[in-house]
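Notes follow once the structure below has been shown.
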Amino acid sequence: MEIKYMKEAIRYGRRSLLSDDVPVGCVIVKNNKIIGYGYNKKEELHSPLAHAEIMAINMASKNLNSYHLEGCDIYVTLEPCLMCVGAILNARIKNLYFGARNKRFGAVISHQKIEKLITNHRISYESGILERECANLISEFFSDLRKRSK
């Protein structure tokens, strides 16, 4: 099941490329149905808050008419940053699945450790789902960006 939804997250992440945003995609699933999706729109919306996870959480919350996303799973192509981990915890999402690690800003296992956050909600997580595809999406974007800036 994780691979199917991570492929969808990758597909959404590619949409970020249309606005020269870092290609990060996300889907939120409840009862085997995608109820929210998002992709990075920081450049497009000129907002540091327009991360894929935030966009997906907003959509899922509207679809459920509640910010409590209990029983939902979130699939993200890149390890979430601290802001997004906070939103995931506040939304009470059950499981987090992500592809590539985010060595600069990752707040699950890479830069910060999610277990060290003192919260009343705990989230299960799994990393490395379609890791190569997710990592390639990011590295190809930055490689292309460097070529264009020369």
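Dipole orientation for the stretch 1-142: of the candidates ILE138, ALA91, TYR75, ALA91 has the Cα lying most toward the positive pole (charges on Cβ; Lys, Arg +1; Asp, Glu -1). Measuring against 27 Å, Cα to Cα, the residue pairs LYS41/LYS116; LYS42/LYS147; LYS41/LYS62; LYS42/LYS113 contain LYS41/LYS116 as the ones spanning a longer distance. Rounded to the nearest 10 degrees, the inclination of helix 52-64 to the longest alpha-carbon principal axis of the chain is 40 degrees. Take the Cα of LEU117, step 7 Å toward its Cβ, do the same at LYS33, and the gap between the two points is 2.8 nm. Angle of helix 131-149 to the longest C-alpha principal axis of the chain, folded into 0 to 90 degrees and rounded to 10: 40°.
Here the Kirkwood formula, the inverse mean of 1/r across different C-alpha pairs, assigns the chain a hydrodynamic radius of 15.1 Å. Each Lys and Arg Cβ is given +1 and each Asp and Glu Cβ -1; about its Cα centre, the stretch 49-150 then shows a dipole of about 420 debye.
Applying D = kT/(6 pi eta Rh) to the stretch 38-85, where Rh is the Kirkwood radius over alpha-carbon pairs, T corresponds to 25 °C and eta to 0.890 mPa s, the Stokes-Einstein value obtained is 216 µm²/s. You can think of it this way: the chain between ASN90 and ASN63 has 8.0 nm of extra reach, that is 0.36 nm per residue less the Cα-Cα gap. Helical runs (DSSP H, four residues minimum) scored at -39500 (n - 2.57) apiece and divided by the length of the chain put the mean residue ellipticity at 222 nm at -12000 deg cm²/dmol. Measuring from centroid to centroid over Cα atoms, what is the spacing of the stretch 103-117 and the stretch 45-78 in Å? If we compute the Cα centre of each part, the gap is 19 Å.
Taking the C-alpha atoms only, the angle from helix 2-15 to the longest principal axis of the chain is near 50 degrees.
Readers should treat all values here as calculations from the given coordinates under stated rules, not as data from a laboratory. This structure is a prediction, so every number in the text was calculated from the model and none was measured. Using ideal geometry, Cβ is built from the backbone for each residue, glycine included, and neighbour counts are taken over all protein chains shown.
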